[in-house]
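Since the structure comes first, as structure tokens, the remarks are kept for the end.
The values are calculated or read from the model by the stated rules, or taken from the named source; none is laboratory data. Note that the structure is a prediction, hence the values are computed from the model and not measured. Here the Cβ positions follow ideal geometry from the backbone for every residue, glycine too, while neighbour counts run over all protein chains shown.
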Amino acid sequence: MENKALRRALADAGKSLPQKEGMVEQTLTEVEDGVGEGERSGDAATAIARWIVDEWPMLAFANLNSEKHAAEHTVQEQAQDRARSGTPFHRAAETGNYEIIEVMLNNARAIYDHPPALQLDPPRPEGTTLLDLVLSEDPESNSGETALILALRASNTPLETLDKLLCVTSTKTPLDDFAFLEAVNQGFDRAVETYLVHGLQLDAKAFNKYITMAFENLDIPLKNWSSGRSVRSTRFCWLNVVKSLISRAATPDMFTEKVVEDIIQKNLLSVWNVKCPGVPDDKIISLLLHMAVLYERHDFVERFVEAYPRSLKAQEKVPKDSNQNEKYPLWYNNHKWDPDAKTFDLRPPLADGDRGSERAKIRIVIVTKMIHLLGIDLLPDILHQSHEPFDDLCFDMSRFNASAFVVSDFIGSLIHQDKIERRQMLKYENTLK
């Protein structure tokens, strides 16, 4: 029959309570004799469990195999005891029996919300709450496993079972809950999301611990993936864990510069799209375009150029452990970062064969935007300080807007730019006289 561990544990409950032993044993015997193997037997076992839990609600949370009781058993019986020991509540969580878990929790909640006038048998533990019962350790576990971790590891319906338990713990789920830690570490994205939907409150310290772990796991190939495990969705589960966490990073002490840098460096534009409104703060915003250029992330560059055009003429220092002074975004496109030496090396100019590269596409985006937004007095200075060649910058005189600018000022500016620091920035077509 199915649910043997739960059924036998509940049968032991009758043996541990002499006045109920006959009722339990009689019912179990009738089911054994009258129901065949398969689906009907599973239904019968569930019906038995429901009946017992309804009759004696607190029995679900009682250790049915105490040391005193186990000592009376033979060696063979003690071996069987170890396979079905502990509380029915923990065994139900371990097997993923979420329907019985729901019945157990509902009955216990009714008792805690409205204590009965008569003494319960077994009694409600003194000084405890329903939350205490759910977070209690399995008495037969050597590693302090709670129902949450047992449910997460269940071979059948782990997510559904976890959901029933989290309805109780909700916002009071411990920050160091081992089941949540394992869910993040194993890429159980649906389990992580379920925790967060139920209100797990992560402070900045806990969040940074989990997001660091989630970022590191992105580089690990997923092994033994199974679509049948309800706690994991697809092969993109690692990325989904990161998204679930980032979508809850609502404060600057969670959405830090390090987190932003990891998102950009790993080219996670889909993660950036789920961030909370209001983050990052202004200090980090000023660095975004510079970071995107530094790590050659063209999609991010396009996004940040449109969102924060002022960054084009802002000088900032990235990464923060660099020994270089503040520079324009375009400067980072012409220099290669050496993380070991903490220095930048000047790159050779782009060649014709580089036109399809990320670096070339980034240059086009930035230079084009600067030509449209920045004045003639500032643009050459940015290009010069960024070690940018000027050969391919062309000002088409036929498109000059004479109504908006004084021609003499424009010509004077050309002469001025040609003289300062002997840059020899300007070249003229041979046809110009």
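For this structure, a couple of remarks:
- Residue list for the range 235-257, filter: more than 14 Å from the chain's Cα centre (by Cα) and touching a residue at least 40 places away in the same chain (Cβ under 8 Å): Thr251, Asp253, Thr256, Glu257
- One residue from Leu165, Leu150 being touching a His at 6+ places or on another chain (Cβ under 8 Å), within 21 Å of Gly86 (Cα to Cα), assigned to a helix (DSSP H, G or I) and not hydroxyl-bearing (Ser, Thr, Tyr): Leu150
- Considering the range 315-353, and only residues there that are basic (Lys, Arg) and in contact (Cβ under 8 Å) with a residue 40 or more places away in the chain, the residue that is farthest from Pro389 (Cα to Cα) turns out to be Lys320.
- Looking across the range 171-201 at every residue that is touching a Lys or Arg at 6+ places or on another chain (Cβ under 7 Å) and not in a helix (DSSP H, G or I), the one that is surrounded by the fewest Cβ atoms within 10 Å (Cβ to Cβ) is identified as Gly187.
- With respect to (1) touching a Phe, Trp or Tyr at 6+ places or on another chain (Cβ under 9 Å); (2) aliphatic (A, V, I, L, M); (3) not assigned by TED's automatic domain parsing to the domain that holds Gly375, the lone exception for Leu287 is condition (1).
- Here the condition is being among the hydroxyl-bearing types (Ser, Thr, Tyr) and more than 12 Å from the chain's Cα centre (by Cα); of Thr171, Thr212, Thr194, it holds for Thr171 alone.
- Within the range 337-375, tally of residues that are surrounded by fewer than 16 Cβ atoms within 10 Å (Cβ to Cβ) and assigned to a loop (DSSP other than H, G, I, E, B): 12
- None of Ile285, Ile264 is under 30 Å from the mean Cα position of the chain (by Cα), part of a helix (DSSP H, G or I), surrounded by 18 or more Cβ atoms within 10 Å (Cβ to Cβ) and among the β-branched types (Val, Ile, Thr) except Ile264.
- Qualifying residue in the range 348-369 (condition: more than 42 Å from the chain's Cα centre (by Cα), among the small types (Gly, Ala, Ser) and either in the same structural domain as Asn333 (by TED's automatic domain parsing) or modelled with pLDDT of 90 or more (or both)): no
- Scanning the range 19-26 turns up no residue that is in contact with a Ser or Thr (Cβ under 9 Å, 6 or more places away or on another chain) and either at pLDDT below 80 or in a helix (DSSP H, G or I) (or both).
- Residue pairs whose Cβ atoms lie under 6 Å apart, sitting 6 or more positions apart in sequence or on different chains, and linking a residue in the range 168-191 that is at negative phi to a partner that is surrounded by fewer than 20 Cβ atoms within 10 Å (Cβ to Cβ) and outside any helix (DSSP H, G or I), are Thr171/Gly199; Thr171/Gln201; Asp189/Ser233; Arg190/Ser233.
- Among the residues of the range 304-316, not a single one is surrounded by 19 or more Cβ atoms within 10 Å (Cβ to Cβ), part of a loop (DSSP other than H, G, I, E, B) and not small (Gly, Ala, Ser).
- Qualifying residue in the range 123-134 (condition: under 15 Å from Pro174 (Cβ atoms) and free of Cβ contacts under 8 Å to residues at least 24 places away in the same chain): yes
- Leading residue by the ranking (nearest to Ser311 (Cα to Cα)) among those in the range 231-261 that are assigned to a helix (DSSP H, G or I) and modelled with pLDDT under 95: Trp238
- Condition met for Asp321 (at pLDDT below 95, surrounded by 13 or more Cβ atoms within 10 Å (Cβ to Cβ) and in the same structural domain as Pro380 (by TED's automatic domain parsing)): no
- Qualifying residue in the range 182-194 (condition: within 21 Å of Glu102 (Cβ to Cβ), assigned by TED's automatic domain parsing to the domain that holds Phe236 and among the polar types (S, T, N, Q)): yes
- Test: residue in the range 389-405 that is modelled with pLDDT of 75 or more, in a helix (DSSP H, G or I) and charged (D, E, K, R): no
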